[in-house]
Amino acid sequence: MTVPPSPAGPGGWWTELDGSVLDLPPGTITVVVAGPHDDPAALAESLGDRCREDGQPRATSSSRRQVRLVGAGAGLVAHRTVFGNALAPLRRFGADAGWCASTAMRLLDLVGLAGKAGSLTHQLSGGERWRAALAVALAHGPDVLVAGDPLAGHDECDAAGVLAALDRIRAELGTTVLVVAADARQAGRVADRVAVRGRDGAAPVCEPVFAALMNPSSPVAEVLLPAIADAAPAPAQCRLVDAVLIGHAALAAVATSSDLVVLDAERIRLGETPVARYRLAVREGAVAALELLDRIAAQMCVVDTATSVALAA
């Protein structure tokens with residue numbers, strides 16, 4: 001799809017989080033996890049104001065067209081239809097009416113609102129209004145989109161629509177996206193990288209999602225992975241093992257092993273990939289089962305009462 005040309009080149013961007021540089025690689029979604037006392041919308045606006053192209057110093061500023069902040073209803077005019085709202089920014093580029101109309105409809109299709117083109121904004125759900133605002137932002141041809149808690153207050157269906165729209169614009173337009181989210185696990189479903197703010201003045205940590213899941217001490221993994229029950233008792237003649245597994249094959253291997261008993265399991269999806277955190281009971285003497293886990297687990301530890309001893313994964 002042809003969209004208004006971006007004024008920036010193909011290079012990456014960066015912003016400043018708690019005094020540290022946060023890289024925003026081209027065509028990726030980076031999620032910053034908001035703390036319990038943060039206002040995600042205000043933090044997103046602050047990070048957007050600090051966005052710079054690679055090589056651009058802190059003292060310079062970026063144009064509003066290069067970096068667009070997306071919020072629920074932002075940029076929407078109440079008396080216009082959804083199509084009219086997406087069309088308005090395109091007309092400012094002086095292109096012919098046919099191109100403007102077809103591009104507006106393509107943007108609405110991209111965010112899943114082609115069927116709502118004739119609706120007024122008050123007829124939309126909260127998630128649909130957010131996606132309409134996203135289409136308007138995209139019509140400006142930005143290099144970076146910044147969103148403050150785009151999933152807040154939405155039901156499961158609306159939240160899924162917002163995530164699908166973000167995923168599509170990253171995949172089809174190559175737009176760089178920065179999301180500030182209170183719910184890291186939900187927003188992490190489409191994230192390439194997740195940043196967690198440091199505690200007690202420490203620097204923030206930003207890691208690729210799947211690299212973080214391989215690291216038992218990662219604060220990013222801590223906010224992405226679901227909790228499991230600590231008090232699950234071990235059956236007689238068994239050892240307790242905690243494991244993080246990634247992918248259908250790894251999960252299936254656990255399900256089909258007669259030497260592994262699932263005491264607790266919590267599952268999430270990151271993109272199309274299932275991820276599970278298990279508390280397992282391994283029958284004493286089942287060396288092959290432990291070796292299997294050692295091969296397939298992203299993280300694994302044998303639990304000895306109150307003590308966990310990390311094993312190589």
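When the stretch 237-262 is filtered for residues that are surrounded by 19 or more Cβ atoms within 10 Å (Cβ to Cβ) and either aliphatic (A, V, I, L, M) or modelled with pLDDT under 90 (or both), the ones remaining, listed by number, are 240, 241, 243, 244, 245, 246, 250, 254, 260.
Name every residue in the stretch 17-37 that is hydroxyl-bearing (Ser, Thr, Tyr) and surrounded by fewer than 21 Cβ atoms within 10 Å (Cβ to Cβ), in order of residue number. If the condition is that a residue be hydroxyl-bearing (Ser, Thr, Tyr) and surrounded by fewer than 21 Cβ atoms within 10 Å (Cβ to Cβ), then 20, 28 are the ones that fit.
Would you check if residue 222 is surrounded by fewer than 17 Cβ atoms within 10 Å (Cβ to Cβ), of a type in the set (Asp, Glu) and closer than 27 Å to residue 24 by Cβ? For residue 222, the condition - surrounded by fewer than 17 Cβ atoms within 10 Å (Cβ to Cβ), of a type in the set (Asp, Glu) and closer than 27 Å to residue 24 by Cβ - is met. Among the candidates 124, 110, 87, the residue that is under 25 Å from the mean Cα position of the chain (by Cα) and within 17 Å of residue 142 (Cα to Cα) is uniquely 110. Criterion first (over 21 Å from residue 16 (Cα atoms) and either of a type in the set (D, E, K, R) or buried (at least 20 other Cβ atoms within 10 Å of the Cβ) (or both)) does residue 213 satisfy it? Yes. Tell me the residue from 152, 135, 147 that is more than 19 Å from residue 169 (Cβ to Cβ), surrounded by 15 or more Cβ atoms within 10 Å (Cβ to Cβ) and in contact (Cβ under 8 Å) with a residue 12 or more places away in the chain, please. None of the other options fit; the residue is 152. Checking each residue in the stretch 10-25 for being assigned to a loop (DSSP other than H, G, I, E, B) and within 15 Å of the chain's Cα centre (by Cα) picks out only 25. In summary, residue 195 fulfils each of the numbered conditions (1) surrounded by 14 or more Cβ atoms within 10 Å (Cβ to Cβ); (2) within 18 Å of residue 301 (Cα to Cα) with the single exception of condition (2).
Just so you know, in the stretch 94-116 the residues that are crowded, with 17+ Cβ neighbours inside 10 Å and small (Gly, Ala, Ser) include one that is farthest from residue 75 (Cα to Cα), and it is 112. Pick from 165, 147: which is assigned to a helix (DSSP H, G or I) and either in contact with a Gly (Cβ under 9 Å, 6 or more places away or on another chain) or under 19 Å from residue 190 (Cα atoms) (or both)? Answer to the selection: 165. Pairs linking a residue in the stretch 96-120 that is closer than 20 Å to residue 175 by Cα and in contact (Cβ under 8 Å) with a residue 24 or more places away in the chain to a residue that is hydroxyl-bearing (Ser, Thr, Tyr) and not in a helix (DSSP H, G or I), with Cβ atoms under 7 Å and 6 or more positions apart or on different chains, are 103/2. In the set 101, 137, only one residue is assigned to a helix (DSSP H, G or I) and in contact with a Lys or Arg (Cβ under 6 Å, 6 or more places away or on another chain); that residue is 137.
The values are calculated or read from the model by the stated rules, or taken from the named source; none is laboratory data. Keep in mind that this is a model prediction, so the values were computed, not measured. Positions of Cβ are backbone-derived with ideal geometry, glycine not excepted, and every protein chain shown enters the neighbour counts.
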